[in-house]
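The values are calculated or read from the model by the stated rules, or taken from the named source; none is laboratory data. The structure presented is a predicted model; accordingly, all values stated were derived computationally and were not measured. Cβ coordinates were reconstructed from backbone atoms using ideal geometry, including for glycine residues, and neighbour counts include every protein chain displayed.
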Amino acid sequence: MKVLKNLKVFGVAFVMVFWLLAPVVVNADVDDDINITIMGWPVEFYDQGPIMVDGVLLTPVRAVFEMLDFNVYWDSGAERVILSNYNYVIVITIGSNEFTIGDEIFTFDVPAQIIGDRTLVPIRTLLEGIEMNVRWLVATQILSIEFRPIAG
């Protein structure tokens, strides 16, 4: 009988410790139904996909910008991402609402953050800063990214 009582106490203690140590994500909604396309082609997210946080879509930077033919560099010492191609150099610092494109400073609605070992940002502002058209298609949960037509 004493063994059974000890087992129950151990079981309750185990459940309480597990519950207290379980990771908690507040107001983040991982949604497998959110998709991103660039010129109609789907962006593949292998380990961390886009998520909604407080109504803002946060998107992993690397997958999108590599598909746009940018070089992506992680500066671990400064906790920042540097994106570059033949036209742009973009610097995003983790925990900051500001990012730069060249010498110009822009502001995110939500700071850049690391989730699932990936840098996630509110991607619309970033893409519009490099003159991309961005549309959120509510009915299909697709963020559509298109090149802006050249004015002529």
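Residue-level analysis places Val81 among those that are surrounded by 13 or more Cβ atoms within 10 Å (Cβ to Cβ) and touching an Asp or Glu at 6+ places or on another chain (Cβ under 8 Å). Among the residues of region 44-67, the one identified as in contact (Cβ under 8 Å) with a residue 60 or more places away in the chain, part of a loop (DSSP other than H, G, I, E, B) and closer than 17 Å to Arg124 by Cβ is Pro50. Taken residue by residue, region 31-39 has no member that is closer than 23 Å to Leu143 by Cα, in contact with a Lys or Arg (Cβ under 7 Å, 6 or more places away or on another chain), assigned to a loop (DSSP other than H, G, I, E, B) and at pLDDT below 95. Checked against the criteria, Ala13 does not count as assigned to a helix (DSSP H, G or I) and either surrounded by 11 or more Cβ atoms within 10 Å (Cβ to Cβ) or at pLDDT 95 or above (or both). Scanning region 85-106 turns up at least one residue that is assigned to a strand (DSSP E or B), free of Cβ contacts under 8 Å to residues at least 12 places away in the same chain, touching an Asp or Glu at 6+ places or on another chain (Cβ under 9 Å) and loosely packed, with under 14 Cβ neighbours inside 10 Å. Among the residues making up region 126-139, those that are surrounded by fewer than 15 Cβ atoms within 10 Å (Cβ to Cβ) and touching an Asp or Glu at 6+ places or on another chain (Cβ under 9 Å) are Asn133, Arg135.
The residues listed here are Asp109, Asp117, Asp75; of these, the one that is on the phi > 0 side of the Ramachandran plot and of a type in the set (D, E, K, R) is Asp117.
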